[in-house]
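Reviewing the structure listed below.
The values are calculated or read from the model by the stated rules, or taken from the named source; none is laboratory data. This one's a predicted model, so the numbers in the text were calculated from it and none came from an experiment. Every residue, glycine as well, gets a Cβ built from its backbone with ideal geometry; the counts of neighbours run over all protein chains shown. For accessibility, only protein heavy atoms count, side chains too; no ligands or nucleic acids. Shrake-Rupley method; radii C 1.70, N 1.55, O 1.52, S 1.80 Å.
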Amino acid sequence: MKILRPSMVKAIEELKNEVVKMADLVLNNISESFKAFKTNNLPLAYELVNLDIEVDRLEEDISKKALRFIWKEQPYASDLRMVTGILKLITDLERIGDHARDIAEQTLHIGNIKNERILTNTTLMSESAYQMVLNAINAFVKQDLAMAKQVISDDDIVDNQFNQIMKSITEQIKNDTIEPEYAVSVIMVAKYMERIADHAVNLAEWTKFIITGEHKTTPLF
């Protein structure tokens, strides 16, 4: 029977806590960046662009701690899967943070346009993408395989919402009822949210790997 050294147990818990801290910041940035876009809140958008620097810093710090852990503790089996999975998870979290920043930058780009700021479908899509990331992180924290699989399945919902937005924007462009520059920004924001959902799927896939040793259908451990 494997007995973990106290230092190893403490180090793994610290790594997991750091991932949760990073995830909390990323979730805040997703929510607030869409709020800034919806309300044309330029000061908030500026703040969120700067907050992405903190997301990058956390990724770097966690990466260094994880690599130090592997070198010092020489983990094996499930412990090595956990640390390897964390290294992958934080890469996707950092990219989600990048897309939250991208949404904030779109707000700054069209800050002078007075169109109705949002579509119902876009709001629904932002909520779905946010929930997928939240559920993916919860699946990681709880090591819940069923929850991870549900996140992967939920990606179809976001894809359908993206298609509905594209259809709606196309109709509005045809009818000349939307500013072209604003239409492009809405499409870009929807695309960023679709990518956020894709990264949420990746988070769930890496949680599956941590639990089972398989990534998608390929056994890795």
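Please indicate, with yes or no, whether at least one residue in the range 164-175 is open to solvent by less than 30 Å² (accessible area, probe 1.4 Å) and within 19 Å of I86 (Cβ to Cβ). Walk me through it before giving the result.
Residues of the range 164-175 open to solvent by less than 30 Å² (accessible area, probe 1.4 Å): 165, 169.
Applying the additional criterion that residues be within 19 Å of I86 (Cβ to Cβ) yields none.
So far as the range 164-175 goes, no, none of its residues is open to solvent by less than 30 Å² (accessible area, probe 1.4 Å) and within 19 Å of I86 (Cβ to Cβ).
For D79, which of the numbered conditions (1) over 20 Å from the mean Cα position of the chain (by Cα); (2) open to solvent by less than 30 Å² (accessible area, probe 1.4 Å); (3) modelled with pLDDT of 95 or more fails to hold?
In the conditions (1) over 20 Å from the mean Cα position of the chain (by Cα); (2) open to solvent by less than 30 Å² (accessible area, probe 1.4 Å); (3) modelled with pLDDT of 95 or more, D79 misses (3) alone.
Can you work out which of the residues in the range 27-55 that are surrounded by fewer than 18 Cβ atoms within 10 Å (Cβ to Cβ) and more than 14 Å from Q106 (Cα to Cα) is farthest from the chain's Cα centre (by Cα)?
N50
Note down all Cβ pairs under 8 Å where the first residue falls in the range 71-90 and is over 25 Å from A197 (Cβ atoms), the second is of a type in the set (V, I, T) and open to solvent by 50 Å² or more (accessible area, probe 1.4 Å), and they're at least six residues apart or on different chains.
L80/I70; V83/I70
For I62, state whether it is surrounded by fewer than 17 Cβ atoms within 10 Å (Cβ to Cβ), touching a helix residue (DSSP H, G or I) at 6+ places or on another chain (Cβ under 9 Å) and among the hydrophobic types (A, V, I, L, M, F, W, C).
no
Return the residues of the range 30-55 that are closer than 23 Å to A197 by Cβ and touching a Gly at 6+ places or on another chain (Cβ under 6 Å); say none if nothing qualifies.
Within the range 30-55, D52, V55 qualify.
How many residues does the range 138-180 hold that are in contact with a helix residue (DSSP H, G or I) (Cβ under 9 Å, 6 or more places away or on another chain) and on the phi > 0 side of the Ramachandran plot?
Residues in the range 138-180 being in contact with a helix residue (DSSP H, G or I) (Cβ under 9 Å, 6 or more places away or on another chain) and on the phi > 0 side of the Ramachandran plot: 1 in total.
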